[in-house]
Each structure stands twice: as structure tokens, then as C-alpha cells.
Amino acid sequence: MKYLRNILVWLREKRKKILIGIGIFLLGSLLLLKVLDWLYPLHTGRLTYSTVVLSSDGSIMSAFLSRDDKWRIQIRKEDIPESLKKAFIYKEDKYFYYHPGVNLIALMRAFFQDLRARKVVSGASTITMQVARMLNPEPRTFFNKFKEIFRALQLEMHYSKQEILEMYFNLLPYGGNVEGIKAASMIYLHKLPIYLSPAEIATLMIVPNSPNHYKFGNNGTAIISGRDKWLKRFGKAGLFKDAEIQQALSEPLFAKRVEIPKIAPQFCIELAEKYKGQSYIQTNIDLDMQKKAQNVLTEYVQKLSLYNITNAAVLIVRNKDHAVMAYVGSANFNDDAHQGQVDGVDALRSPGSALKPFLYALAFDQGLATPKTILYDVPYNFSGYEPLDYDRIFRGKVTVEDALLNSLNVPAVKMLSNMDIATYINVLENGGCHSLVSQQKKLGLSLVLGGCGIKLKELTGLYVSLANGGQFSQLRYTKEQPETKPVQLFSQESAFMISHILTEMERTDVPANLDDAEHFPKIAWKTGTSYGHHDGWCVGYTDKYTVGVWTGNFNASESPELSGASCAVPLMTQIFSTLSVYNDFNWLRFPPHLGIRWVCSETGKIPSSYCTNQVPDYYIPGVSPNDACDHMKMVYTDEKGTISYCRNCMPKTGYVEKLYPSYPPEMIAYFELYKIPYKKIPPHNPECTRVYTEKSLAIQSPVSGMQYILMKDESHKIMLKCNAGNDVTTIYWYVNDKYYGKSKPDESLFFTPDAGSVKVSCTDDKGRTAHVRITVREI
């Protein structure tokens with residue numbers, strides 16, 4: 001006692017110096033630690049995570065290996081249940097929240113144990129020290145233990161306790177390339193950590209101590225034995241209630257390695273590449289909608305395979321916020337025989353007629369047409385380009401809405417020729433069709449018929465703009481993707497008129513399941529079929545959703561049965577049947593500035609006094625054309641109607657006034673070509689002094705009955721020229737009854753004929769015709 005008393009007296013006398021010494025020691029230690037931290041900075045570069053793609057509700061759609069090829073799925077604060085945290089801290093480091101990274105008491109005890117054994121038998125590692133070791137794994141030696149201590153102190157300097165604990169849970173080894181609680185929980189126990197039971201927590205707690213011994217699926221007895229030992233300790237420590245412990249002890253072990261989900265694989269791969277290094281990517285995908293769309297598509301393609309059509313793709317967009325709700329890139333990602341890993345949503349394919357609605361929407365906004373405007377489905381030659389309709393039948397006079405509903409090619413090309421094609425291309429590019437930028441130099445009038453490459457996601461985005469009153473915004477694939485500033489591609493009035501046309505049911509591509517399906521919403525849709533039957537498209541929309549569909553073969557092989565109407569429309573309607581869409585048949589809202597007026601059914605123009613048949617038509621006030629109808633004109637003729645008079649030669653008596661239809665020259669040529677009877681204006685009075693001579697139509701070149709010799713492999717052309725009356729303004733030429741081109745009466749055209757007998761015909765704009773036959777010989 002006397003000795004102890006002397007020590008206390010000495011300490012009391014020297015306490016000031018002792019405190020100063022301790023302070024200097026601590027300050028020096030801290031300064032030394034700072035210097036060492038600067039000289040040997042901490043690196044956590046090994047801590048890279050798997051990229052995980054989530055659906056809109058946070059469910060895992062797919063995951064990808066980390067940069068060091070590990071399944072290391074980042075566990076975040078909100079993913080860690082309190083029970084998991086308590087159990088691990090109790091087992092590994094009871095004083096985790098109280099020490100600076102190193103437990104000095106435990107460390108001293110371990111030091112003497114190791115010294116006595118002359119090897120490392122007890123490390124006294126704190127959780128922070130274990131993190132340091134897992135970040136930089138090295139052999140267990142005394143020197144490396146000091147490094148581990150230093151790194152642990154560094155970790156405590158730079159990270160909070162919560163961050164260190166998260167690192168710990170993310171680095172725990174579970175055998176093979178599986179690391180971290182979350183990866184192990186999902187891969188072996190098939191659930192997220194937040195749903196783990198006490199028995200499962202104890203299981204995941206013991207495995208990292210010896211991953212090679214506690215192998216899931218191989219050594220279940222050893223795992224259960226180790227688990228139960230710790231469960232009993234938890235019970236004694238009061239970490240869990242007695243009832244929970246008893247239930248946990250009787251809980252069987254269900255642990256077997258399973259694959260991470262692979263939902264929408266093409267979509268997830270694309271996002272993982274785009275956001276490389278990001279731990280979590282939360283999409284706007286509705287998981288239920290995605291699974292239903294995939295199942296419908298896969299089952300549907302099985303039926304199409306009977307016609308050698310082996311794939312399809314679907315994209316579903318929620319119109320109000322442009323969010324992509326479902327993304328199905330192919331019928332079966334694992335179908336190598338049919339290139340199932342190709343992404344049909346992102347593939348560049350010919351859209352066929354699917355771009356026509358945007359042409360007519362632009363025409364409405366430019367004041368070129370209204371829905372009832374008359375167009376002409378007749379033979380045309382656009383500098384050598386002669387478009388044909390799908391069925392190769394010309395229909396003559398049609399309205400804009402008929403041309404769009406029946407997807408007629410010639411009127412669409414004619415409409416595009418009447419406007420600036422660059423403006424049309426610019427509208428499509430502003431509407432998200434960025435694939436067209438690299439194709440601009442190759443784009444011509446065939447663009448509107450599918451003479452370009454476009455992606456399903458681009459096309460679907462364009463149709464979303466029609467559903468949203470002409471406003472386009474970029475499609476939103478992820479939650480973090482901000483909404484872009486909308487671009488007004490078309491007026492609200494124009495978008496309404498196109499949508500109204502596309503909801504009409506009197507069309508050839510109406511599937512059987514829409515005829516009497518009362519629960520179906522009112523859908524606006526348009527099809528497209530590429531040249532050669534390589535691609536079948538359909539995009540449909542309501543006010544809530546837009547569904548884009550592509551059908552075909554990824555190897556670009558054709559199928560005679562492949563078309564948008566027969567293959568894509570039924571799939572589109574089946575997809576809509578899986579959506580929870582309220583059956584609102586009045587979702588099309590009439591724009592406040594759109595007008596309705598009566599027009600002549602013959603021309604779609606403002607009626608004149610001669611217009612007896614009038615129909616209502618939508619129009620945009622101040623924009624739509626206001627031309628008066630001119631489909632009939634008054635002509636002075638003799639009483640028999642054999643000749644017509646002008647005011648210069650009209651007799652004082654013996655004439656009558658008669659109404660004759662005023663056909664445009666292309667319609668007259670169409671009537672003459674197909675021998676369709678029509679009411680002609682009688683020839684002009686031959687004695688009229690104002691018309692010097694009335695020439696009948698005659699072909700000057702080529703000469704009738706002549707044989708023309710052409711050199712083989714050389715380009716030789718034959719001139720087309722005729723004599724026509726001075727009342728003629730346009731001549732239409734035909735070769736073997738096929739429209740070739742038009743010219744003025746004093747102009748010449750040239751053509752290269754095939755060998756054999758050739759018929760050359762021409763028609764003037766008054767309906768007169770002439771024919772010659774020649775023989776062409778090739779030497």
C-alpha cells in the first residue's frame with residue numbers, strides 16, 4: 001500500500017508535466033499521421049461496383065460485373081436493416097462506434113498472444129481494419145499488420161462510421177466472384193438484404209470467415225451448425241426476441257446460386273454502356289408492363305415463324321412525360337439462330353409509309369392542304385422516279401385523308417415535291433430522327449415512302465408528338481434524365497387533324513379483334529411496309545400511351561407475307577389490350593382555333609355556285625388554302641355540242657352555254673391511258689381568227705414504222721417530239737403504255753428503249769392522243 005501511495009503522490013506532483021507530455025505525444029502522433037497520410041494516400045480504387053439497372057419501382061432488371069469482374073452490388077444506407085447492422089457489430093467489433101479505427105486493448109492482448117506463438121494467431125481486427133485489409137489484401141505478417149493499422153486510421157480520418165460500415169458490407173467475401181452482403185443475399189438467398197430473417201443474417205455473417213469451407217449448396221450442415229451457434233449467442237445478448245431465435249433455429253437453409261435477373265437485356269446493356277461505372281441506374285420501365293409485352297411478343301412471333309418471320313420489337317411510351325414504360329428488343333434474347341441479341345428497338349430499318357402522317361401534318365401547317373383536299377393518284381414521273389402504290393393500282397382522284405388512310409404512295413410523293421424537302425427532313429430531325437443526319441445527302445422524294453433508315457425508338461418518339469398536340473420531347477429512359485424543352489413540330493390543329501384521320505376505322509388494315517371489342521380504346525395508328533417486304537411497322541397511340549411495333553428478320557431476309565397491316569397491327573392491338581387504358585372514345589380534344597367549313601367534294605376547295613355536293617372539312621383559319629372551286633366551267637358550244645367558241649368567234653345566235661368538268665392535265669392523261677370515259681370539252685371552232693391553225697396532235701419523233709439500231713453496251717437515246725395545237729400547254733408521254741414523263745409542246749424528251757417492238761404514245765391536256773410503233777434492234 002505504501003508503494004502504491006508513493007506512486008500516486010508522484011503522479012500528483014508530476015501531473016502537469018505528464019499531461020503536457022501526453023498532449024505533445026498525441027499532437028505529434030496526429031501530425032505524423034497527417035504527414036504519412038499525405039505521403040502514402042489512401043486508395044479505394046478496388047471498390048468498384050456492379051452496375052445494376054432498376055425498374056421504376058426499384059426492382060432489379062439486370063446487373064453487370066464490376067470492373068474487376070466481381071458480383072459486388074453496392075449496398076446503401078437505406079438497404080441495411082438495423083438487425084443486420086447489430087448482428088455484425090456484435091460479432092466482429094462491439095466497440096466499433098467508440099474507437100478511432102483500432103481497439104488498443106484488444107490489439108495489445110493479441111500482440112502478446114502472437115508474440116508467445118511467434119506467429120499471427122489473433123489479429124484483434126476491428127471492422128475498420130478488416131476494410132483496410134479487404135481493400136488491399138496482403139499476407140498476414142507483423143509488418144502488414146502495422147500497415148493495416150495505419151490504413152484503418154486513415155479510413156477513420158476520411159470516412160464516417162456509416163461509410164466505413166457500408167464499405168465493410170460491400171467487401172465481405174462469399175466465395176468465387178461474389179462479394180458483399182447485397183450480392184450474396186440476391187444470388188444465394190434470392191432476396192434483398194432488407195427482407196433477411198435472423199437465420200439468414202446469421203448465415204451471411206459466418207460465411208466470410210471461411211468462404212471455402214462454408215460453400216452454399218455444398219456444406220449446408222456446417223453452415224447451419226455455425227449459424228445456430230451465433231443465433232444462440234444473439235439470444236443471450238438480447239439482440240433478437242426469444243421467439244425470433246427459436247423460429248430461426250428451426251428455419252431450413254435454402255441457399256442455391258441463381259442468375260441475376262435479365263429483363264429487357266438489350267435495353268439494360270445499352271444503359272450499362274452509357275452510364276459505365278454508375279452503381280445504380282433507375283429506369284422508367286414498368287415491370288409488369290414490360291413482362292406482359294415480352295410475353296405477348298414472344299408468343300406472337302411463334303405464330304409469325306410459320307411465315308418465316310422470326311422477330312419483332314416493341315416500345316411503349318407514356319405520353320404525358322415521354323417515359324419509356326416497356327422496351328422489348330427481340331422475341332428471345334437467347335435465340336442465337338435468329339440473332340436474338342440484336343436490339344430491334346435501336347436497329348436502323350426502312351420505315352416504309354410510316355413517315356407519311358408527318359408529311360401531311362406539315363402540309364396542313366404550310367397551307368397546302370386540308371383533310372378533304374383532292375389529290376391525284378395517277379402516273380407521275382419525277383425526273384426518272386416513278387412511284388407506284390402498294391397494289392400497283394392507280395385510283396385517280398382521292399382526298400388527303402383517303403390517301404393517308406390507304407397509304408397511297410403517289411399522292412404522298414407529289415405532295416413532297418410541292419414543298420421544300422429540306423424543311424420536311426428538318427422537321428423529322430427535330431423530332432428525334434437523328435439517324436437521318438448522316439443520310440441527308442442521299443435523301444430524295446422516296447424518303448416519304450421509306451427511302452431512308454430509321455429506328456423504332458425514333459419513329460415512336462415522333463408519334464408521341466402527335467399524341468401531345470404536335471409537341472416533341474426526347475424520350476426519357478431513366479428517372480434521372482430531365483425532361484427536355486419541348487419543340488413544337490406541328491400546330492395543335494394539324495396534330496388533331498392527323499390523329500382524327502388515323503382513328504378512322506374504314507380502312508384496309510383494321511384487325512379482326514378491333515371490330516367488336518368494346519373494351520378497346522380509340523387508337524390512332526399508321527402502318528409501314530418496307531420495299532421488298534423486309535420490315536413491317538405499326539405505331540399506335542391514345543392520349544395515354546404510344547406503342548411502336550416492328551416485325552421482321554434481323555438478317556434482313558424478306559417474306560411475302562410480311563407487311564405492317566398483316567403482321568404489326570395485330571401485335572400493336574394485343575399490346576394495347578394488356579395496358580390499363582380507360583375506354584375514352586373522346587380523348588381527341590378539339591383545338592380551340594380549329595375551324596370547320598363546307599367545301600366542294602370534287603376538289604376540297606371553297607364552293608362556287610356550280611358546287612352541288614358539299615362536305616364539311618376541318619381547316620386552320622388564316623393558314624389553310626381559300627381557293628374557290630373551279631371543277632366546273634361554262635363553255636359556249638354549238639347546239640349539238642360538236643365545237644366550242646371563245647368570245648372572239650362566238651356567233652350571235654345558235655350557241656348554247658354548257659357546264660363541263662375542268663380536269664387537270666394529269667387526270668386527262670390518266671383517263672386516256674386507262675380508256676376511262678369522261679366528258680370532254682368540244683374542239684375549238686376551227687374558223688376562229690384568234691386561233692390561227694388548229695393542229696391535231698401528231699408525233700414527229702420517233703417516226704412510225706421505222707427500225708432504230710442501237711449499239712450494244714452504249715447509251716443511245718431516242719428523241720420524243722410532237723406537233724400540237726397552240727391551245728396545248730402540256731404533253732404527256734408513254735412508252736409501251738407506261739407513263740414516262742411530260743414536256744411542253746415545243747420541248748423534246750429522250751428515252752432509251754429496250755430491243756423489240758416499242759409503242760410510243762402521247763396525250764395533250766385537251767385529251768387528244770397519238771401513237772406510233774417502232775422496232776428497236778441492238779447490235
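Some notes on this structure:
- Ranked by how many other beta carbons lie within 10 Å on average, peptides 454-460, 483-489 from highest: 454-460, 483-489
- Probing with 1.4 Å while keeping every protein chain in the model, the per residue accessible area of the chain equals 50 Å².
- Summary of packing: across the peptides 668-678, 643-653, the per-residue average of other C-beta atoms within 10 Å ranks them, highest first, as 668-678, 643-653.
- Environment charge at Ser160 (Cβ cut-off 11 Å; Lys +1, Arg +1, Asp -1, Glu -1): -1
- Net charge, Ile606 excluded, C-beta distance under 14 Å - Lys, Arg +1, Asp, Glu -1: -1
- Taking Cβ atoms as reference points and 14 Å as the exclusive limit, the residues near Ile245 contribute a net charge of +2, counting Lys and Arg as +1 and Asp and Glu as -1.
- Whole-Å semi-axes of the ellipsoid equivalent to the chain (Cα gyration tensor, √5λ, descending): 84, 26, 25
- Spin-label model, Lys303 to Ser577: label points 7 Å out along the Cα-to-beta-carbon direction sit 0.8 nm apart.
- Percent of beta bridges antiparallel (DSSP, the chain, rounded to nearest 5): 85
- Within segment 161-236, trypsin sites (Lys or Arg not before Pro) in DSSP loop having at most 13 other beta-carbon neighbours inside 10 Å: Lys191
- Solvent accessible area, Å² - Cys567, 1.4 Å probe, full protein context: 10
- Measuring between alpha carbons in the structure, the pairs from Lys457/Lys485; Lys85/Lys276; Lys397/Lys605; Lys94/Lys236; Lys457/Lys526; Lys320/Lys457 lying more than 25 angstrom apart are Lys85/Lys276.
- Based on C-alpha pairs under 8 angstrom that are at least 6 apart in sequence, the chain has a relative contact order of 9 percent.
- Of every Cα-Cα pair in segment 151-219, the percent that sits beyond 13 Å: 66
- For segment 678-779, GluC sites (Glu not before Pro) meeting the loop criterion (DSSP other than H, G, I, E, B) and having at most 14 other Cβ atoms within 10 Å: Glu687, Glu694, Glu714, Glu747.
- Ranked packing of 586-597, 334-345, most packed first, by mean Cβ within 10 Å: 334-345, 586-597
- By the rule of a second cysteine Cβ within less than 4.7 angstrom, the chain holds isolated cysteines at Cys268, Cys433, Cys452, Cys538, Cys567, Cys646, Cys722, Cys762.
- Farthest toward the positive end of the dipole of the chain, out of Ile73, Asn177, Ile206, is the Cα of Ile206, where the dipole comes from beta carbon charges about the Cα centre.
- With the whole protein complex present, Leu104 retains an accessible surface near 120 Å², based on a 1.4 Å probe.
- Antiparallel bridge percentage (DSSP; both residues within segment 619-708; nearest 5): 90
- Whole-angstrom gap from segment 60-85 to segment 301-322, using each part's C-alpha centre: 33
- Membrane-span-like helices of the chain, defined as complete DSSP H segments with a Cα extent of 27 Å or more along the helix axis and a mean Kyte hydropathy of at least -0.5, are identified as 2-39.
- Of all accessible heavy-atom area on the chain, the percent that carbon and sulfur account for (1.4 Å): 53
The values are calculated or read from the model by the stated rules, or taken from the named source; none is laboratory data. Bear in mind the structure is a predicted one, so any value in this text is a computation, not a measurement. Here Cβ is always computed from backbone atoms with ideal geometry, including for glycine, and neighbour counts include all displayed protein chains. The protein model used for the area step is the full one, side chains on, heavy atoms only, and it has no ligands, DNA or RNA in it. Shrake-Rupley method; radii C 1.70, N 1.55, O 1.52, S 1.80 Å.
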